[in-house]
């Protein structure tokens, strides 16, 4: 999708200066050639990428049950403590135990870290 802006700009610069069409009433319609070329370009893009988009859609439909299950499992993150960075570089995520304090009860995880890149 990021290539659409340069495509539209290049089509604009490809228009010759005198290529403006006149309407039925003799008034210039300067955007008519640009719109035609843009529509032709978009049809070409859809023709070229259409099979890939359909394949992507089929893949996402096939993976939908697993993705929904994963999102449901990730929904309740209150059962874990915030991640800790160990001195050796490992990241440790501890599961909360029944005796642990509830999240939000004196938990200082709401305070922003001193270093924004530090966990």
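The values are calculated or read from the model by the stated rules, or taken from the named source; none is laboratory data. Predicted model only: the values in this text are computed from it and were never measured. Glycine also receives a Cβ, built like all others from the backbone with ideal geometry; neighbour counts cover every protein chain displayed.
What to note about this one:
- Pairs meeting the criteria (first residue in segment 81-103 and at negative phi and exposed (fewer than 10 other Cβ atoms within 10 Å of the Cβ), second residue in a loop (DSSP other than H, G, I, E, B) and modelled with pLDDT of 85 or more, beta carbons under 8 Å, at least 6 apart or on different chains) are 91/83; 95/81.
- Checking each residue in segment 1-25 for being assigned to a loop (DSSP other than H, G, I, E, B) and either at pLDDT 60 or above or surrounded by fewer than 10 Cβ atoms within 10 Å (Cβ to Cβ) (or both) picks out 1, 2, 3, 16, 17, 18, 23, 24, 25.
- Residue within segment 26-34 that is exposed (fewer than 10 other Cβ atoms within 10 Å of the Cβ) and modelled with pLDDT under 90 present: yes
- Residue in segment 35-43 that is touching a strand residue (DSSP E or B) at 6+ places or on another chain (Cβ under 6 Å), outside any loop (DSSP other than H, G, I, E, B) and at pLDDT 90 or above present: no
- Filter result (closer than 21 Å to residue 96 by Cβ and surrounded by 10 or more Cβ atoms within 10 Å (Cβ to Cβ)) within segment 65-76: 70
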